[in-house]
1. Defining a contact as two alpha carbons under 8 Å apart and six or more residues distant in sequence, what relative contact order in percent does the chain show?
2. Please give the residues of the stretch 111-148, grouped as numeric ranges, whose backbone N is less than 19 Å from a label point set 7 Å along the Cα-to-Cβ vector of D85.
3. Per 0.36 nm of contour for each residue apart, how much would the distance between E51 and D214 grow if the chain were fully extended, relative to their Cα-Cα spacing?
4. Compute the signed sum of charges (Lys and Arg +1, Asp and Glu -1) over the other residues within less than 11 Å, Cβ to Cβ, of D214.
5. Would you please give the residues with an amide H less than 5 Å from that of G280, counting only those at least 5 places away or on a separate chain, with H modeled from the backbone geometry?
6. Eigenvalues of the Cα gyration tensor times 5, then square-rooted: what semi-axes does that give for the chain, in whole angstrom, largest first?
7. Kindly provide the trypsin sites (Lys or Arg not before Pro) of the stretch 88-145 that DSSP labels as loop, not H, G, I, E or B, and whose Cβ sees at most 16 other Cβ atoms within 10 Å.
8. Charges only on Cβ, +1 for Lys and Arg, -1 for Asp and Glu: so what's the dipole of the chain about the Cα centre, in debye to the nearest 20?
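Just so it is clear, none of the values below were taken in a lab; they were calculated from the coordinates. Because the structure is predicted, anything quoted here is derived from the model rather than measured. Reconstructed Cβ throughout: ideal geometry from the backbone, glycine too, with neighbour counts over all protein chains shown.
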Amino acid sequence: MGEISGALSKATNQLRYRRALRSLVRPSAADPRYHSAFGGLWTDRRDAGEEVDRRLDAGAISSEEAETLRHWITHGYVILERAVDPAVCDRLREDLERAFREGDQKLVMYLGGDRTPRRLDADTDIHHTRVLDVYVYYDSARQALFSQPIVRFLRSIFDERPLLFQSLTFASGSEQPMHQDSGFVVVSSPLKFAASWIALEDIQSGSGELAYIDGSHRLPEYLFSGKYKHWNAKRDGDAQHHEWHTRMHENADRMGLARRTFLGKQGDVLIWSADLAHGGSAVTDPSLTRNSLVGHYCPTNVEPFYFKLEPDRRATRLHGDGSFASQIYGV
């Protein structure tokens, strides 16, 4: 009976996965109002600049907010200085340092480039690890990820309450190759999400600082297997992943897009759109840390892909003007 039950469960999951994928295929009739065949946020519409003017004229946004939105539309990112209280940053760093020193079996981490989840044991090396979704257990992380300036900006581009659905912490530079999150972060509407990168300390050159390609959210769109926005290793293979990565750089060079780095001060936040190419610079001074917290958010009317695959992880919890969920722990 156990084998039969297991086979049925596996078949159910496979069916659920195939059904969920149907909503992620490029539409046969794309909406011409958008730059992408997959649509996106209102800021991804071709008339987004005019919409900013309309909102400003109606008194829905201030002139400062209008300028921030125009920068987002053109460049694909914004920088919010001192958006997170430095005291909150210090508290989160202390929470994490204590967890690495004493262990915290509630938390799951990845070690180096290994994608095998591990529990956080005592005396784990804080470098080259990524702790997942710490906001579920640490109030300091929730305070940072739901700081008022972050939430206010997300609400302005989402027109909805933001849902935080995953996060990563870093103590040192990741040196992750340049990539677009839409290739790996999967939600029910492939471009309706954004990410925040919070500097938990003053970031120094040589620490593996965050790098990004200005304006790369408007690069020509690459379709995996001819119809998907996200890469799947089994379906698409390494060759397509390599081709995607190569074309990203070739097109950025052809369009004359600038590569920039983010040397944020403690509490500064960089928010980027789903298609902005970004990664980690080379670590040229291993003695330097790069303590940071990354969060991914979508509007509440959009669903992370894991909601369909794992219905028991669909629960959300309110926090101020936002809410959060977690595939790793549930809430």
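1. Answer for the chain is 25 percent.
2. 135-148
3. Working: separation 163, 0.36 × 163 = 58.68 nm, distance 2.22 nm.
Additional length available on full extension: 56.5 nm.
4. +3
5. E175, Q176, A211
6. 28, 27, 21
7. Those satisfying the criteria are R115.
8. Working: 42 positive and 46 negative charges, 283 e Å.
Dipole magnitude for the chain comes out near 1360 debye.
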